[in-house]
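Taking it in order: structure first as structure tokens, then the write-up.
The values are calculated or read from the model by the stated rules, or taken from the named source; none is laboratory data. What you see is a predicted model; the values in this text were computed from it and never measured. Here the Cβ positions follow ideal geometry from the backbone for every residue, glycine too, while neighbour counts run over all protein chains shown.
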Amino acid sequence: MIQKKIFRKLHLWLGLSSGIIICLLCLSGSLFVFAEEIMHSYNSEFLNVKVEDKRLDVDTLVSNFKAVHPDEHYFWINTYNEPTRSFDVISGVLEKGASSPILKITFINPYTGQIIGEDMRSINVFFFLAHFHSQLLLGTTGLWIIRVASIIFLIEIILGLILWWPKNKNQAKSAFKPKYPASKKRMNYDFHRIYGFYACWILLISVTTGLVMSFDFIKKPVLTVFGGYPELVNETPPSTDFKEEQDFKSLQYMYNKFEETSPKGYKLTLMALETDSITSQAILLDTDDRFLHLYGDNQIIDRYTGEQLTKPVMAKFEKNQDILDSSLDIHMGSVGGLPTQILAFIIGLFGTSMPITGFYIWWNRGKRKS
């Protein structure tokens, strides 16, 4: 009994101290779930082009983009093997007085090289939302506020389960089903306690996967459990040895291999190189066509051969990346497509409500005592 009183006090004061941050964290995460779908809808008129005889080389498309926008920071190009699909370039525009570039999507007709559309509005709404969710737009300070709030939220969920747990059969009767009809106070109490029990399992998964991405001391044991290599965390993947007299394969060469081997509907993302002298090319093969959803089959390509780098340690880096990508997919609710996205959206809103309903339970108890 004394132990439960201590848990109740901890649950209360931890909730009061972190409630606002947890509300903002869950709400921003919930709103981000359908970011890609909204961006696609917003740019729907630029996604398809008329099929012509032959597409231009990917190298030519990238060179043309850099020539037209020399002041922009080029990040990557998304290419598709669907004949009617336009290609899109993700870049950053550094405006006067800004400390970091503003993201932009540029849609290109791969047959003509013509720029058919640009979007800086929808992509930056969700870029803002993602950074708010991860660091409250406060840099390192905000990152640590989110980290601490996430740990508190995890403890809150566990304490809530302990406090919910029925001691006998009579309590069990009311632990799974809300009382109806009921007063507003009782409805609020049941919403927090009973529906909170059903939602907490998914919230536990969401919070845990978020912490995996945030803390190395959590990430490393998770990698170990799933067959990864914790010793490679924060290490740089190896590159191909420099060969002075040998030329690099073109981006088009890599695209041709992708088009030959991948079924229709696949996307190939070709990441930008910091300098032309880099010997390895990072690519991503994926089954979806999302602009910013960079999770799938990550590969490092030897630019001299156009083949996947075969150094033994690369398989270990790719294994780690697969595990972390899966963790991020679970965290965002995209692991199972639309059904899990809808579930993640609803649970995110529910997580937003938990500190609010908990506050009203405490507030009403205080008024009753008075």
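Taking the conditions (1) in contact with a Gly (Cβ under 6 Å, 6 or more places away or on another chain); (2) assigned by TED's automatic domain parsing to the domain that holds Arg147; (3) aliphatic (A, V, I, L, M) in turn, Val212 satisfies each one other than (1). For the stretch 1-49, a tally of residues being under 20 Å from Lys104 (Cα atoms) and part of a helix (DSSP H, G or I) returns 12.
Residue check: is Glu52 under 26 Å from the mean Cα position of the chain (by Cα), in a loop (DSSP other than H, G, I, E, B) and of a type outside the set (S, T, N, Q)? Answer is no for this residue. Scanning the stretch 230-287 for residues that are assigned to a loop (DSSP other than H, G, I, E, B), in contact with a strand residue (DSSP E or B) (Cβ under 9 Å, 6 or more places away or on another chain), closer than 17 Å to Gly306 by Cβ and at pLDDT 85 or above gives Phe248, Lys249, Ser262, Leu273, Thr279. The residues listed here are Glu52, Glu45, Glu82, Glu95; of these, the one that is out of contact with any Leu (no Cβ under 9 Å at 6 or more places or on another chain) and at pLDDT 95 or above is Glu45. One residue stands out among those in the stretch 41-85 that are polar (S, T, N, Q) and farther than 18 Å from Ser122 by Cα: the one that is surrounded by the fewest Cβ atoms within 10 Å (Cβ to Cβ), which is Thr84. Annotation: of all residues in the stretch 217-258 being under 30 Å from Thr60 (Cβ atoms) and of a type in the set (A, V, I, L, M, F, W, C), the one that is surrounded by the fewest Cβ atoms within 10 Å (Cβ to Cβ) is Phe242.
Evaluated against (1) surrounded by 18 or more Cβ atoms within 10 Å (Cβ to Cβ); (2) more than 27 Å from Thr79 (Cβ to Cβ); (3) at pLDDT below 90; (4) among the polar types (S, T, N, Q), Ser334 falls short on exactly one condition, (2). Any residue at all in the stretch 178-192 that is closer than 30 Å to Leu143 by Cα and either outside the structural domain of Ile361 (by TED's automatic domain parsing) or surrounded by 12 or more Cβ atoms within 10 Å (Cβ to Cβ) (or both)? Among the residues of the stretch 178-192, at least one is closer than 30 Å to Leu143 by Cα and either outside the structural domain of Ile361 (by TED's automatic domain parsing) or surrounded by 12 or more Cβ atoms within 10 Å (Cβ to Cβ) (or both), which makes the answer yes. Here Ile22 passes the criteria (1) buried (at least 18 other Cβ atoms within 10 Å of the Cβ); (2) hydrophobic (A, V, I, L, M, F, W, C); (3) under 18 Å from Phe127 (Cβ atoms) except the one numbered (3). Of the residues Val207, Val212, the single one that is part of a helix (DSSP H, G or I), in contact with a Ser or Thr (Cβ under 7 Å, 6 or more places away or on another chain) and either at positive phi or touching a residue at least 60 places away in the same chain (Cβ under 8 Å) (or both) is Val212. Could you grab me the full set of residues in the stretch 281-305 that are surrounded by fewer than 17 Cβ atoms within 10 Å (Cβ to Cβ) and farther than 30 Å from Ser44 by Cβ? Selection gives Tyr304, Thr305. Give me the residue from the stretch 84-114 that is assigned to a strand (DSSP E or B) and among the basic types (Lys, Arg) and, out of that set, farthest from Leu47 (Cα to Cα). Top of the filtered list is Lys104.
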